[in-house]
Amino acid sequence: MNEEVKHVIGAVDIGGTKIAVGIVDEDGRVLARVECPTDADLGYFHALASITEMLRTTARMANTTISGIGIGSTGPVYPLTGKIGNVNFFPKWEGENPVKDLTEIFAVKVAIEFSTAGDLLNSAVYLLTRSSHGFRST
């Protein structure tokens, strides 16, 4: 069996059409990745359940335990509160708080940042491996 990788981040990319989740090591390498449609009309809690399952799946795929979670999302989002603003792609999610919810589910530190269109997974990786949010081990 593979040795467990330490200090990995669950990176979540929330976009208008898809949600991608990956497990990223301290060097920024993506160890596992899955994605699903955003399905915004099914509501925030459907998306939260999908994100939770994808985080658990990718952690199993990478044979590791998540040390922290970084979310890159189309915005507006509010990093200081963890809440989602009035996003055109999922307006019914306004006021929902994936930072609080994922913190409660996984018992790890979670951060969210606004990301523009493009590879939001890379933004989440950057947020957690290169930022001042304190996930990178020293």
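The values are calculated or read from the model by the stated rules, or taken from the named source; none is laboratory data. These figures come from a predicted structure and were not determined experimentally. Backbone-built Cβ (ideal geometry, glycine too); neighbour counts: all protein chains shown.
Taking R33, is it free of Cβ contacts under 8 Å to residues at least 12 places away in the same chain and not aliphatic (A, V, I, L, M)? No; evaluated as a whole, the condition is false for this residue.
The residue that is surrounded by the fewest Cβ atoms within 10 Å (Cβ to Cβ), among those in the stretch 20-30 that are in contact with a helix residue (DSSP H, G or I) (Cβ under 6 Å, 6 or more places away or on another chain) and in a strand (DSSP E or B), is A20. Is one or more of the residues making up the stretch 77-92 touching a Gly at 6+ places or on another chain (Cβ under 9 Å) and assigned to a helix (DSSP H, G or I)? Yes, because at least one residue in the stretch 77-92 is touching a Gly at 6+ places or on another chain (Cβ under 9 Å) and assigned to a helix (DSSP H, G or I). Here S123 clears all of (1) surrounded by fewer than 21 Cβ atoms within 10 Å (Cβ to Cβ); (2) modelled with pLDDT of 90 or more except the condition numbered (2). Within the stretch 31-72, the set of residues being touching a helix residue (DSSP H, G or I) at 6+ places or on another chain (Cβ under 8 Å), assigned to a helix (DSSP H, G or I) and of a type in the set (G, A, S) comprises A40, A47. Every residue in the stretch 39-65 that is of a type in the set (A, V, I, L, M, F, W, C) and surrounded by 21 or more Cβ atoms within 10 Å (Cβ to Cβ), please. Answer for the stretch 39-65, where residues must be of a type in the set (A, V, I, L, M, F, W, C) and surrounded by 21 or more Cβ atoms within 10 Å (Cβ to Cβ): A47, I51, M54, L55, A62. For the stretch 76-86, filtering for residues that are on the phi < 0 side of the Ramachandran plot and buried (at least 19 other Cβ atoms within 10 Å of the Cβ) leaves 2.
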